[in-house]
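Colleague: Before we start, here is the structure in question, set down as structure tokens.
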Amino acid sequence: MPGIIKRIAGPVVFVYGLKKPKKNYIVEVGEEKLLGEIIQIRGDVSIIQVYEETSGLGIKEPVYAIDKPLTVRLGPGVMSTVYDGIQRPLDLLEGSFIGKGEKTSPLDLKKKWFFIPESNMTLGTKLQGGEILGRIQETETVENRILVPPNVHGELKELASEGKYVVSDNLARITNPSQDLELPFYHDWPVREPRPFKSRILSNKPFLTGQRILDFLYPLVEGGSAMIPGGFGTGKTVLNRTLAKFASTQIMQMTLCGERGNEAADALHSFLKLTDPTTGRLMIDRTSIIANTSNMPVAAREASIYMGVSIAEYYRDMGYTVSVMADSTSRWAEALREISGRLGEIPGEEGFPSYLPKLIGQFYERSGRCITLSGLEGSITIIGAVSPQGGDFSEPVTQYTMRFTTTLWALDTDLARSRHFPAISWRISYSQNVREIAEYLKKEVAPDWHEYRTRISTILQEEEELERIVRLIGKDTLSETQKGLLLTAELIREGFLQQNAFSDEDAFSSAQKSYRMAKAILLAHELIEERVQKEGLLVDPLYEEQLIEDIKRLKELNIDGIKEFTDQLPSRVKELKF
Amino acid sequence: MNPETSPTFRYKTIDSIQGTLIFLKSIFNVSYEEIVNIYMPDGQVRKGQVLQADENATIVQVFEGTHSMERVETEVEFTKDVFRVGLSEQMIGRTMNGLGQPIDDLGPLFVEKRLPITGAPMNPVRRTNPEDFIETGLSVIDGLNSLVQGQKLPIFTLSGMPTSEVAASIAVNSRVLAEEQELDVIFVAMGITEREGRYFRLKFEEASGANIAFFSNYTMDSIVERILTPRVALTFAEYLAYEKDRNVLILLHDLLNYSEALREISSAREEFPGRRGYPGYLYTDLATIYERAGKVEGKPGSVTMIPIVTLPNDDITHPVPDLTGYITEGQLLMSRPHLKRDISPPMNPIPSLSRLMNEGIGVGKTREDHANLANQLFASYSRGMKLRQLASIAGEDSLNDRDRQYLKFADIFESKFINQGDTRRTIEETLTIGWETLTVIPKTDLNRISKKFIDKYYPTEA
Ligand SMILES: Nc1ncnc2c1ncn2[C@@H]1O[C@H](COP(=O)(O)OP(=O)(O)OP(=O)(O)O)[C@@H](O)[C@H]1O
Ligand SMILES: [Mg+2]
């Protein structure tokens, strides 16, 4: 007996008569069998959020319970596919516009994969969830390590031998006293539940981004979590995209949550062409994309975030370093607000449901470095864009997210308007990971990188104070040394911090290059300061010097060029005329 | 009559009437967003749309409003269909009301198709990148913040600005450059005054060559209709673009009025408000309008959108412009200082940005030097503006000779490049004027322009 629709209000449908409804289990709604999820149970009434457009749906239409929670299907073929928020592969949907009630298998059921069983897997082995049964080369870059589903254990009775299989073929038979299971090459996982692992471990490796201001001033640890708040047009998406290209990660999961269709298309088209700088293979080969744009159903937007992070956990469980880029988590929070409003819940701050902070916390908790169930090391780094209402960081989503992330990359509207990109504010941004990764960078980059970091941020801070003085009493009161400091600050801002994401030479800056640049700029600072103090060199005319222009263009050189430039610095500063 | 079997059963079960909404009980069959006919005892017939479908709490918003509606005798009939608009190519050159029905005296339309107005979302993987230039005829847009086919680029305006003039000039003057291609323009008035509407109609009639379809929902018209108007017009735009292979430019004026209508209906439903009383779903709602701009694989047509948003109290952080900025692909900003200096159009290119500009300009699209030139003009003008500000604080004496050249540049750039009055400029003309203004500053300062372009395009003394 199906349930019967009682009320329809936007994406929320009230249903009575569902037999033993279970919260978070899925249902098929109406004659068109739209996908929905039970989100509340009130007496005999189940409240359902529908993942598709409900226009035209009628009361009294039937609702069928499906005996499983909202799941993501995980198996070979997930990588490089573009899904919507409920895991429909977008390129398999018919037509240019997304119709209602379309159902498509998340995985290609016809494609044959070449499976190689693990050599140490003998029949009779006692298996735990998460163990690796064999391997499939999923894309040119990614080897899919075929896992025992996390919630399955028992004795291995049968295992597919080396050869070609479709995902629904039998992978293995595993038995335990209560079950006799035939496993295909995929498994389903309830998206709202974090996948288990053995233990969390500390990480000391930085998550390098190739962005100087991030890697040098506000570094993120691998397995950490960062937020990127910023008003519209401040560069969240460009930064996301740049990190997707250059960040040190093996697998990239991009969740495009409630943003623009044109951007999703652009990401897809460019990743199909671009090669990954570390592997030389196509970017798309190590990228999984979920695109639920702002005009797609709002409930699916809510689910998309969990889809994305579950896919990330799947690859983490194979022992990969994975990153999740969510753009924008505010749209997810707004989807929650919208649905909560339709339920008539008493809201918390600014109409957001009072359980929002908890959900944000739980989402970021799915990041981390860990020992997987099969004993490998894997990690998930989560980077979430936040779109504060009115660009105001005191709003709830920004504030809640700050509490659950360790690194803040704050984008500043004024910087963006004056075309200073990336518009990351050095006033507000911070990293709580510097101590964790210091040893690693000392070893891998340079023993003294940290001193340079400190000096750069000190100069920027002093600039701010001097500017205040200038605003109050004018520039004339500054000493030449102070003026020199302002000059250096300008060099740091324009020559070091600014980095054009669309430039061929500078979109990516290795940690070594960034270090060299910082060193060169600070050396120039010292040399100039010395001449100013000892010889009375005047600072103002220096702004027109070719040397200054050259320092600002240091970023266009490679490491050798920068070294050479640094070697010539003493003589070039000496040549500066009065 | 049995309400379950008879499609024309009329309910007399209105429970309450609030704002533009009626609430009904004892409904046997109703679907979400279904259209209803409302028969009033005096013979009037109105139309409405279901906002909430429920046996005992169905909510219907009435297009014409609930003015003088009676509770007990009024009858409501459910049509079993969502709202559709009758479409015809003949709508180009015609004036329609906010529901797409002709209101000029040119007779009825030959309707070719009736489509639901809530368009399905475009599959993002089927979108193609916007990359073809649209010439609006305004230098400040074409030269520095170019509009691209398939883009959505809002104009943020302020009270007291000549918004209508600017909008009308864009509507009348916009062209696509590819040969043998035309641009159809759809102008959508949402909650503007009838006086403004008349101005637009006049302008459009004067420009007899322009292909403009005019949809009007004025201040005095129903706010429920106002919610539908942009969707009606966009359905027409999509029909032209994807079934008739046309390039369409649609102007929506004004989204602030639209959003206020949405807020009014939301509060009549007693929904918990988000910021400034606007409903929590304002973002999603606006997105379902703005995201209908685009281009799709395998079809030559396109929908380009210019929404116009008035910033209340000049505040760009107000929810409507703010959310608009979050959904659209850039913004064009009107500016009070520019208006005071009598610059027409009073648009400030510095805080404006067309995010898709680079895709739509350059070789084969506009001209090879366009990007370089735009960068240079932008950089020099912002330097000039900063110096102007400095000079106003510290006095012009604090400036050196070079600084003064930049001050002069800013003046000339405003009066010659941005300011163009009623004339329409081609992109060639725009670029030429751009180069001319640059002669005010030292040639050696043109560091954003590659040398080969300076050699080729720098104006010769004449
Ligand atoms: N690193 C960068 N280098 C060069 N230009 C940039 C950079 N970051 C941003 N921009 C410029 O800023 C524009 C807006 O950036 P982006 O689309 O990333 O903003 P956003 O913060 O995602 O905005 P929204 O919230 O509206 O989505 C880009 O189109 C580009 O012109
Ligand atoms: Mg963005």
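The values are calculated or read from the model by the stated rules, or taken from the named source; none is laboratory data. Computed from a prediction, not measured in an experiment: that's the story for all the values here. FYI the Cβ positions are ideal-geometry reconstructions off the backbone, even for glycines, and counts take in every protein chain you see. What goes into the accessible areas is simple: the full protein's heavy atoms, side chains included, and nothing from ligands, DNA or RNA. Shrake-Rupley method; radii C 1.70, N 1.55, O 1.52, S 1.80 Å.
Colleague: Any chance segment A:320-336 includes a residue that's at pLDDT 95 or above and open to solvent by 20 Å² or more (accessible area, probe 1.4 Å)?
Modeller: yes
Colleague: Does A:L202 satisfy the criteria of being under 30 Å from A:T122 (Cβ atoms), surrounded by fewer than 22 Cβ atoms within 10 Å (Cβ to Cβ) and away from every other protein chain (no Cβ under 14 Å)?
Modeller: For A:L202, the condition - under 30 Å from A:T122 (Cβ atoms), surrounded by fewer than 22 Cβ atoms within 10 Å (Cβ to Cβ) and away from every other protein chain (no Cβ under 14 Å) - is not met.
Colleague: Just checking, which of B:A261, B:A293 is under 24 Å from B:F214 (Cβ atoms), within 9 Å of chain A (Cβ to nearest Cβ), open to solvent by less than 40 Å² (accessible area, probe 1.4 Å) and in contact (Cβ under 8 Å) with a residue 60 or more places away in the chain?
Modeller: Exactly one of B:A261, B:A293 is under 24 Å from B:F214 (Cβ atoms), within 9 Å of chain A (Cβ to nearest Cβ), open to solvent by less than 40 Å² (accessible area, probe 1.4 Å) and in contact (Cβ under 8 Å) with a residue 60 or more places away in the chain, namely B:A293.
Condition check ((1) part of a loop (DSSP other than H, G, I, E, B); (2) over 18 Å from B:A268 (Cβ atoms)) across all residues:
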| position | (1), (2) |
| --- | --- |
| B:D42 | yes, yes |
| B:A53 | no, no |
| B:N56 | yes, yes |
| B:V60 | no, no |
| B:S68 | yes, no |
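Colleague: Which of the strands (runs of 3 or more DSSP E) found entirely inside segment A:215-325 contain at least 3 residues meeting this: away from ligand 1 (no atom under 16 Å from the Cβ)?
Modeller: So the answer is A:251-257, A:287-292.
Colleague: In segment B:32-39, is there at least one residue being part of a loop (DSSP other than H, G, I, E, B) and either assigned by TED's automatic domain parsing to the domain that holds B:E206 or within 29 Å of B:S267 (Cβ to Cβ) (or both)?
Modeller: The answer is yes, given that some residue of segment B:32-39 is part of a loop (DSSP other than H, G, I, E, B) and either assigned by TED's automatic domain parsing to the domain that holds B:E206 or within 29 Å of B:S267 (Cβ to Cβ) (or both).
Colleague: Which numbered condition in (1) open to solvent by 10 Å² or more (accessible area, probe 1.4 Å); (2) touching a Pro at 6+ places or on another chain (Cβ under 9 Å); (3) within 22 Å of B:F413 (Cα to Cα); (4) not acidic (D, E) is the only one that B:P312 fails?
Modeller: Of (1) open to solvent by 10 Å² or more (accessible area, probe 1.4 Å); (2) touching a Pro at 6+ places or on another chain (Cβ under 9 Å); (3) within 22 Å of B:F413 (Cα to Cα); (4) not acidic (D, E), only one is false for B:P312: (3).
Colleague: Please find, within segment A:228-251, the residue that is farthest from ligand 2 (Cβ to nearest atom) out of those that are more than 13 Å from chain B (Cβ to nearest Cβ) and farther than 17 Å from A:E263 by Cβ.
Modeller: Among residues in segment A:228-251 that are more than 13 Å from chain B (Cβ to nearest Cβ) and farther than 17 Å from A:E263 by Cβ, the one farthest from ligand 2 (Cβ to nearest atom) is A:Q250.
Colleague: Condition check: away from chain A (no Cβ under 14 Å) and in contact with a strand residue (DSSP E or B) (Cβ under 9 Å, 6 or more places away or on another chain). Does B:T128 satisfy that?
Modeller: So B:T128 does not fit the description; no.
Colleague: Out of all the residues in segment B:131-152, which are within 14 Å of another protein chain (Cβ to nearest Cβ), open to solvent by less than 10 Å² (accessible area, probe 1.4 Å) and under 22 Å from B:Y381 (Cα atoms)?
Modeller: Those that are within 14 Å of another protein chain (Cβ to nearest Cβ), open to solvent by less than 10 Å² (accessible area, probe 1.4 Å) and under 22 Å from B:Y381 (Cα atoms): B:N145, B:L147.
Colleague: From the list A:E345, A:E365, which residue is surrounded by fewer than 20 Cβ atoms within 10 Å (Cβ to Cβ), under 25 Å from A:I437 (Cα atoms) and either away from ligand 1 (no atom under 16 Å from the Cβ) or outside the structural domain of A:A247 (by TED's automatic domain parsing) (or both)?
Modeller: The unique qualifying residue is A:E365.
Colleague: Go through the residues of segment A:472-489 one by one and say whether even a single one is closer than 18 Å to A:L214 by Cα, of a type in the set (A, V, I, L, M), open to solvent by less than 20 Å² (accessible area, probe 1.4 Å) and not assigned by TED's automatic domain parsing to the domain that holds A:R212.
Modeller: Looking through segment A:472-489, at least one residue is closer than 18 Å to A:L214 by Cα, of a type in the set (A, V, I, L, M), open to solvent by less than 20 Å² (accessible area, probe 1.4 Å) and not assigned by TED's automatic domain parsing to the domain that holds A:R212.
Colleague: Please go through segment A:369-406 and give me each residue that is in a strand (DSSP E or B) and open to solvent by 10 Å² or more (accessible area, probe 1.4 Å), ordered by number.
Modeller: If the condition is that a residue be in a strand (DSSP E or B) and open to solvent by 10 Å² or more (accessible area, probe 1.4 Å), then A:R369, A:I371, A:E377 are the ones that fit.
Colleague: In this structure, is B:I27 of a type outside the set (F, W, Y), more than 24 Å from A:L34 (Cα to Cα), surrounded by 14 or more Cβ atoms within 10 Å (Cβ to Cβ) and over 29 Å from the mean Cα position of the chain (by Cα)?
Modeller: Criteria not met by B:I27.
Colleague: Having 3 or more residues that are more than 19 Å from the chain's Cα centre (by Cα) is the bar; report the helices (runs of 4 or more DSSP H) wholly within segment B:273-352 that clear it.
Modeller: B:336-340
Colleague: Against the condition closer than 22 Å to B:A287 by Cα and either away from ligand 2 (no atom under 16 Å from the Cβ) or more than 15 Å from the chain's Cα centre (by Cα) (or both), how does A:P297 come out, does it pass?
Modeller: For A:P297, the condition - closer than 22 Å to B:A287 by Cα and either away from ligand 2 (no atom under 16 Å from the Cβ) or more than 15 Å from the chain's Cα centre (by Cα) (or both) - is met.
Colleague: Which residues, taken from segment A:486-519, are assigned to a helix (DSSP H, G or I) and within 13 Å of ligand 1 (Cβ to nearest atom)?
Modeller: If the condition is that a residue be assigned to a helix (DSSP H, G or I) and within 13 Å of ligand 1 (Cβ to nearest atom), then A:L497 is the only one that fits.
Results for (1) surrounded by fewer than 20 Cβ atoms within 10 Å (Cβ to Cβ); (2) of a type in the set (K, R); (3) under 14 Å from A:F97 (Cα atoms), shown as yes or no for each residue.
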{"position": "B:M91", "(1), (2), (3)": "no, no, no"}
{"position": "B:M96", "(1), (2), (3)": "no, no, no"}
{"position": "B:Q101", "(1), (2), (3)": "yes, no, no"}
{"position": "B:D105", "(1), (2), (3)": "yes, no, no"}
{"position": "B:L109", "(1), (2), (3)": "yes, no, no"}
{"position": "B:E112", "(1), (2), (3)": "yes, no, no"}
{"position": "B:A120", "(1), (2), (3)": "yes, no, yes"}
{"position": "B:V125", "(1), (2), (3)": "no, no, yes"}
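Colleague: Scan B:T310, B:T324 and give me the residue that is closer than 29 Å to A:S387 by Cβ, within 16 Å of ligand 2 (Cβ to nearest atom), touching a residue at least 12 places away in the same chain (Cβ under 8 Å) and in the same structural domain as B:L249 (by TED's automatic domain parsing).
Modeller: Result: B:T324 is the single residue among B:T310, B:T324 that is closer than 29 Å to A:S387 by Cβ, within 16 Å of ligand 2 (Cβ to nearest atom), touching a residue at least 12 places away in the same chain (Cβ under 8 Å) and in the same structural domain as B:L249 (by TED's automatic domain parsing).
Colleague: Note down all Cβ pairs under 6 Å where the first residue falls in segment B:136-150 and is farther than 16 Å from B:R424 by Cα, the second is open to solvent by 10 Å² or more (accessible area, probe 1.4 Å) and assigned to a loop (DSSP other than H, G, I, E, B), and they're at least six residues apart or on different chains.
Modeller: Filtered contacts from segment B:136-150: B:V148/B:L356; B:Q149/B:D132; B:G150/B:K295.
Colleague: Related question: List pairs: first in segment A:213-234 and touching a residue at least 12 places away in the same chain (Cβ under 8 Å), second of a type in the set (K, R) and within 16 Å of ligand 1 (Cβ to nearest atom), Cβ under 6 Å, 6+ apart or cross-chain?
Modeller: A:I228/A:K236; A:G230/A:K236
Colleague: Answer yes or no as to whether A:R260 is out of contact with any strand residue (DSSP E or B) (no Cβ under 7 Å at 6 or more places or on another chain), in the same structural domain as A:A333 (by TED's automatic domain parsing), within 11 Å of ligand 2 (Cβ to nearest atom) and in contact (Cβ under 8 Å) with a residue 40 or more places away in the chain.
Modeller: no
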